[in-house]
Amino acid sequence: MATNPASPRDYVPDTLIADDIDAYLAAHQRKSMLRFITCGSVDDGKSTLIGRLLYDSKQIFEDQLSALESDSKRVGTQGQNIDFALLVDGLAAEREQGITIDVAYRFFATPARKFIVADTPGHEQYTRNMVTGASTADLAVILTDARKGVLTQTRRHSYLAQLVGIRHIVLAVNKMDLVGYDQSRFDAIVEDYRAFANEIGIDAFTAIPISGLGGDNIVDRSTAMDWYAGPTLMHHLDTVEIDADREAARPFRMGVQWVNRPNLDFRGFAGMIASGSISVGDPIRVLPSGRSSTVARIVTFGGDLRSARAGQSVTLTLADEIDCSRGDIIAAADDAPQVADQFEAKLVWLDAEPLLPGRAYWLKIGTQTVSATVQAPKCTIDVNTLQSLAATTLHLNDIGETEIITDRPIAFEAYADSRELGGFILIDRMTNRTVAAGMLSYALRRAQNVHWQAVEVTREAHARQKGQTPKLLWFTGLSGSGKSTIANLVEKRLHALGKHSFLLDGDNVRHGLNRDLGFGDADRIENIRRVGEVAKLMTDAGLIVLTAFISPFRAERELVRSLLPDGEFVEIFIDTPLDVAEQRDVKGLYKKARSGEIPHFTGISSPYEAPETPDIHIDTRRLTPEEAAEAIVERVVGVWSPML
Amino acid sequence: MQSSATPPLTHLERLEAESIHILREVAAEAERPVMLYSVGKDSAVMLHLAKKAFFPAPPPFPLLHVDTTWKFRAMYDLRAKAAADAGMELLVHQNPDAMARGINPFDHGALHTDLWKTEGLKQALDLHGFDAAFGGARRDEEKSRAKERIFSFRSASHRWDPKQQRPELWRLYNTRKAKGESIRVFPLSNWTELDIWQYILAEGIEIVPLYFAAPRPTVERDGMLLMVDDDRFRLLPGEQPVDRSIRFRTLGCYPLTGAVESEAATLPQVIQEMLLTTTSERQGRAIDRDQAASMEKKKQEGYF
């Protein structure tokens, strides 16, 4: 057995440090770096293992160790022994409750390598935290308890590691001391695991029998397990192949982060090389535009480079003045990635608020941020049983397969080929929270076969012929606020002024185009999306379009705004407070809503998100509908029209 | 398929590339970024990385020093020079309230840090409307740092809520925020103390001479070796400054920063000493010596 951690051994640094510091530093200059994740359920001894790795590689200083010793006696769970969990659970709430809240990153080094460990908690929020930690890892150490063997958690963690694309799996069978260092017990667990691993597509893994408490086979070989001929955990970590080195062998890709223009004579494209390598003179293609050029210079602070490779942050200049900006991908000219706007993807939902199918979210992939809508999931995967389940939405920690549609084409690769060009996050437009992690599987063929028809009579030509600037006047407000009344008056005045217009009314649209839609949140979102698209086509025809819809959510109103050129979307807030609208109750709807006859009624049982900065704000307590219409016409066409 | 003759990246090269990536993401997505600059070794590395990230342009944001007026004189000497060398504007903020009340490290203990640093920082960020601030903190420094994201979101009142952190996946950082909210960004999150020293050595980065041993006037007080940096230092009855060969592992307000006795006068010697020592770098800081979770509490209140 190795040294017991309960009796701290002396701090013994590398002899080279004391003898020849220059030689030591020269050797350390060339270390490689491995990122890994540890997983396992609460009692599998994960924190103890990490504490061990830090301790045995001499990363714990004396003052930290003495704090750890006193903490262990006060709040530890190991009696008088050192509780290594306290070393990694750093937040007050974690120490109070004896649990791990969030991913923590730890560092240690050996003579060969430097390591970054993502320590992810095994508690309820497992999926979210594990995916977070695993997304940057090259390797996963999956801990199992030798007494318990392959458990649900073992399967769950292995599945998630596989999902995120970790290529190196280590099955660490821990607590071998508690099963008498029995080889047959170890062999049985490995066989059990192999059967399961094959099932989920893990074709290779490394199994190591260890004891975190005693330190067996962690850094030092265990004398109690002579039968084990494989590497110690540390030796394996020291020698395993690193993914980043593999990236260098793939075709060249770099997302443009920043266009560097210090003066008129220099235009450089700064970014981190995602894969492959690049040399001066290499032909490249810029995506999604598809324009090509060659690399003129590879500029760095330390001087120009002749070539650069995956993982380096560089600045490229091109031989031609071609259009290229943040979000574009510079790729090898003869082997560029695909461009598409409809995808099949896997999503891991990270937010307490569930997915709203049809809603537009921000999608950030590499340096590109676009608007994207997510369809209802085809299924979710139960990570405990690995079965597919039918689903209509995704809740916190759910994993599902969905279709995603972006508002413009993006350059991408399948996640299995590239984490950099295939992994994305979704961001809620209103709360700004990161709500999902996604992995692109492939582009949907139908998107590639439907091309935009090039129209010869352009929207400018339509508008010119009508002698007006197309606009979309978007009236929003509670039911009974006066939207339709005022919109009608506005259209009459526009018509009288010789303007070409059309009014899309909420009730009318629901009789035809949208009669398949109900009033739940998802249907309301789809209702507005369709109206937005129709209104956009009408502005393409040169019309001034008026819409009168409650349109309760800011996110959808913003989505429609994003469909139109700047300044053409005019948000008009018909501001009638709930009590006033309810008092008027023109259609008798509030009465029904209050009596429970109408579920999902905006303002009563469904939220209304008022505009924060509308383009035009109409307070109906201060203006009559006629005055309101006058004010709007004056603002929109710049003409004051006498009352008709 | 292209093959590459260049060797795989070393850990320092990977850390450097990752930090540069982070600096550029903020410059591209934040409206008004700023770099906090404390003149210490971590700040020096962060500033150097910023120069690299935007070369040949100067970094597209100013430097901000939240000054307590009690830093070592050698730090003030290097401050202006470092900013000028980088071609950056230097902003210095001193909390006028702390100034008016004469807050100092001798009389006011924790209040000194609260007012000059925490309040001063919040004032400066609000005053200039900065929405993203780079800090040189590292995850290996302290336990609550190990749990903090690289992009650390702060409420409009500058509070950090460790339970509401945004998940950070791949190299994708969510920089979206509402008006008034801000983000603290730590490009050196994944660096260790040894990485910092190795990088300073490899890149020839200029640091404050106080990191190197030299004879300096000192007094021993409360188990700490304090340097008498100017005539504001209040000697207690019986105290007489003694010249000792000392250096600093970390730099802050001079009356609150403990020195170590040392002969290490070159970078390799400093690194050698650091590797042979048995105590962590934060051991010399009076500010960290309160209760175990003190840094976390300070951070929740807006401290960097």
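Any idea how many residues of the stretch A:430-448 are part of a loop (DSSP other than H, G, I, E, B) and under 13 Å from the mean Cα position of the chain (by Cα)?
Pass one, the stretch A:430-448, residues part of a loop (DSSP other than H, G, I, E, B): A:430-433, A:444.
Imposing the further condition that a residue be under 13 Å from the mean Cα position of the chain (by Cα) reduces the set to A:432-433.
Selection size over the stretch A:430-448: 2.
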Within the stretch A:498-579, which helices (runs of 4 or more DSSP H) (wholly inside it) include 2 or more residues that are buried (at least 20 other Cβ atoms within 10 Å of the Cβ)?
A:521-540, A:554-563
Tally time: how many residues in the stretch A:394-404 are surrounded by fewer than 21 Cβ atoms within 10 Å (Cβ to Cβ) and touching a helix residue (DSSP H, G or I) at 6+ places or on another chain (Cβ under 8 Å)?
2
Any idea which residue in the stretch A:580-590 is surrounded by the fewest Cβ atoms within 10 Å (Cβ to Cβ), counting only those that are modelled with pLDDT under 85 and in a helix (DSSP H, G or I)?
A:Arg584
Before we move on, is B:Thr69 open to solvent by 10 Å² or more (accessible area, probe 1.4 Å) and of a type in the set (S, T, N, Q)?
yes
Is one or more of the residues making up the stretch A:406-420 closer than 29 Å to A:Arg561 by Cα, modelled with pLDDT under 90 and outside any strand (DSSP E or B)?
no
Looking only at the stretch B:83-135, which residues are touching a residue at least 40 places away in the same chain (Cβ under 8 Å) and β-branched (Val, Ile, Thr)?
B:Thr113, B:Thr118
Residues that are open to solvent by less than 20 Å² (accessible area, probe 1.4 Å) and modelled with pLDDT under 90, drawn from the stretch A:421-443
A:Ala443
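Looking at this structure, is A:Ala249 among the aliphatic types (A, V, I, L, M) and within 11 Å of chain B (Cβ to nearest Cβ)? Step through it out loud before you land on a result.
On the way: among the aliphatic types (A, V, I, L, M): yes; within 11 Å of chain B (Cβ to nearest Cβ): yes.
Against the criterion (among the aliphatic types (A, V, I, L, M) and within 11 Å of chain B (Cβ to nearest Cβ)), A:Ala249 qualifies.
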Give me a count of the residues in the stretch A:313-336 that are in contact with a Gly (Cβ under 9 Å, 6 or more places away or on another chain), more than 12 Å from chain B (Cβ to nearest Cβ) and β-branched (Val, Ile, Thr).
2
Some residue of the stretch A:54-65 being among the polar types (S, T, N, Q), at pLDDT 70 or above and open to solvent by 10 Å² or more (accessible area, probe 1.4 Å):
no
Looking at the stretch B:166-177, can you tell me whether even one residue there is in a helix (DSSP H, G or I), within 14 Å of another protein chain (Cβ to nearest Cβ) and of a type outside the set (Gly, Ala, Ser)?
no
Looking only at the stretch B:98-116, decide whether some residue is within 11 Å of chain A (Cβ to nearest Cβ), open to solvent by less than 20 Å² (accessible area, probe 1.4 Å) and not basic (Lys, Arg).
no
Residue, modelled with the lowest pLDDT, within the stretch A:5-44, restricted to residues that are open to solvent by 70 Å² or more (accessible area, probe 1.4 Å) and closer than 30 Å to A:Arg147 by Cα
A:Arg9
Which condition from (1) free of Cβ contacts under 8 Å to residues at least 40 places away in the same chain; (2) farther than 18 Å from A:Arg635 by Cα is the one that A:Pro552 breaks?
(1)
Among (1) basic (Lys, Arg); (2) touching a Leu at 6+ places or on another chain (Cβ under 9 Å); (3) open to solvent by less than 20 Å² (accessible area, probe 1.4 Å), which single condition is B:Arg24 missing?
(2)
What residue, of A:Asn129, A:Asn198, A:Asn174, is surrounded by fewer than 16 Cβ atoms within 10 Å (Cβ to Cβ) and closer than 30 Å to A:Asp245 by Cβ?
A:Asn198
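Condition (residue is under 20 Å from B:Leu169 (Cα atoms), within 13 Å of chain B (Cβ to nearest Cβ) and in a strand (DSSP E or B)) applied to the stretch A:305-312: is it met by at least one residue? Please lay out each step first, then the result.
Going through the stretch A:305-312, the residues under 20 Å from B:Leu169 (Cα atoms) turn out to be A:310-312.
Next, from what is left, pick out any that are within 13 Å of chain B (Cβ to nearest Cβ): A:310-312.
Restricting the remaining residues to those that are in a strand (DSSP E or B) gives none.
The answer is no, given that none of the residues of the stretch A:305-312 is under 20 Å from B:Leu169 (Cα atoms), within 13 Å of chain B (Cβ to nearest Cβ) and in a strand (DSSP E or B).
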Considering only residues that are outside any helix (DSSP H, G or I), open to solvent by 40 Å² or more (accessible area, probe 1.4 Å) and charged (D, E, K, R), which ones fall in the stretch A:236-265?
A:Glu241, A:Arg250, A:Arg261, A:Asp265
Tell me the residue from B:Arg244, B:Arg234 that is in a strand (DSSP E or B) and either free of Cβ contacts under 8 Å to residues at least 60 places away in the same chain or not aliphatic (A, V, I, L, M) (or both), please.
B:Arg244
When residues of the stretch A:272-295 are filtered for being within 8 Å of chain B (Cβ to nearest Cβ) and assigned to a strand (DSSP E or B), how many remain?
2
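The values are calculated or read from the model by the stated rules, or taken from the named source; none is laboratory data. Everything numeric in this text was worked out from a predicted model, so none of it was measured. Please note: Cβ atoms are built from the backbone with ideal geometry, for glycine as well, and neighbour counts cover all protein chains shown. Side chains are part of the model used for accessible areas, which takes the heavy atoms of the whole protein and leaves out ligands, DNA and RNA. Shrake-Rupley method; radii C 1.70, N 1.55, O 1.52, S 1.80 Å.
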